[in-house]
């Protein structure tokens, strides 16, 4: 009994010491000042007044060009006329950029715009895309999705947040930089693909090939991704600018079963649909392991000093609290997606008549791969889970590995971070993982530095409009993004 008491005493002392260590470690992770950066724009108020007169109107006009990406589209079936008209409109709307930049049309439809800098530093490249997703529910919108209508300083339209807002904000920033007599220290390249929403095979991939052939040096790439997020990170009251260092890979797998069909009056219990549905049931119950590692680990550890004490205690001590953090994150759909490879059945196909047992059944399972999980490894895991040789497994359409993780410091990252602190007061800047796809995946051979961030404020209200109903942006949000890019250009 005395021996047992001694064990409990030592255990209590150990837990007490551990708690003290956790608290000390938490207190030592003190927040750094957030508003140390100053704007590089001489008269920012005057610039904002200029933007108030026309910037959002230019984005509204861009919305009216219907470049819609359909899954079955190819480079010949896309709206060629609308794209060429959009190109011409951009040149006419931004005359200084048209005069001083080199404009190249890549693969008929994509644009590569080069603004020469004063020094020989490898170029900074900014991506945007000219296409948008379809609008099957246009009758439910407050305004026509391609009407370009501004109501009370709010523009509703497809592309107002994904991604014509970025294209026009970059052009606005370049035009105003030139109009104010400012120059570019280093060369800036704007790469505007025309088919990002369907994978970028004909747009971004063609631009990347052109850059490699021409041996054009690129230091870093900035593309769409996260913005300045409000109310997204638990325990963090400050706005949070998340710079995506990587994006998940994408893989669709076709599962198929072929069996003898026949009359539905005397079905076999082992028919194509029953075999497939049993396999899908196993797969639905399976989850890939959660992984609390970079860049997600970096997000929480760097945001921790600015959190309320309870969350700060949790996220400042991931060396011991990681299992608890993972279990919490696994409870939410969106948070779980940030720490593991996900999978979901998106398409089911089988019979053609109600009284005929189909001889074949198939399903498409879509997966998003966490960095470190490979296509070959995921396929092997699916085969192991199904454990049924009657179910065929093959890759469906194009697959992409998760992109490499870019450094969270140095050229590109540091300047974006500084511009955020200058233009978005009290904002915490952290690294992150983009769980959707961007054009960056087509540029992995160009540079190891790719940063997925756009200078737009997001919350649960406007996030729902991306690929959804009533996509919108306000004049203040758009002006702020243009000013951010003008400021960032001066830091490069």
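Neighbour counts of C-beta atoms inside 10 Å place 112, 130 in the sequence 112, 130, starting with the fewest.
Report the far tail of the P(r) of the stretch 247-400, meaning the percent of Cα-Cα pairs longer than 20 Å. List each step's numbers first, then the result.
Details: 6807 of 11781 pairs.
Distances greater than 20 Å cover 58 percent of the Cα pairs.
Taking only C-alpha pairs under 8 Å that are 6+ residues apart, what is the relative contact order of the chain in percent?
Details: 952 pairs, mean separation 121.3, N = 492.
Value for the chain: 25 percent.
With each label modelled as a point 7 angstrom along the Cα→C-beta vector, the residue 98-residue 258 pair spans 5.8 nm. Taken along the Cα-to-beta-carbon direction at a fixed 7 Å, the label points for residue 38 and residue 152 span 3.9 nm.
Okay, which of the stretch 201-222 sit inside 11 Å, backbone N to the point 7 Å along the Cα-Cβ direction of residue 411? Correct set: 217-221. If R0 is taken as 51 Å, the Cβ-Cβ distance between residue 491 and residue 356 corresponds to a FRET efficiency of 0.15.
Note on residue 89 and residue 345: the extension gain reaches 88.0 nm, defined as 0.36 nm multiplied by sequence separation minus the Cα-Cα distance.
Placing a label point 7 Å from the Cα of residue 71 along the Cα-to-Cβ direction, the residues of the stretch 120-155 whose backbone N falls under 13 Å of that point are 134. Could you let me know the centre-to-centre spacing of the stretch 439-492 and the stretch 164-201, using Cα atoms, in angstrom? Their Cα centres are 12 Å away from one another. Residues 266, 141 in ascending order of nearby Cβ atoms (within 10 Å, fewest first): 266, 141.
Of all DSSP beta bridges confined to the chain, the antiparallel ones make up roughly 65%. Placing dummy labels 7 Å off each Cα toward the beta-carbon, the span from residue 394 to residue 137 is 3.5 nm. Counting other Cβ atoms within 10 Å as a rough exposure proxy, the listed residues 368, 491, 45 run 45, 491, 368 from fewest neighbours to most.
Paramagnetic label reach from residue 426 (point 7 Å along Cα→Cβ; backbone nitrogen cut-off under 11 Å): within the stretch 214-245, residues 237-239.
FYI, it's all coordinate maths here, none of it is from the lab. Everything numeric in this text was worked out from a predicted model, so none of it was measured. Here Cβ is always computed from backbone atoms with ideal geometry, including for glycine, and neighbour counts include all displayed protein chains.
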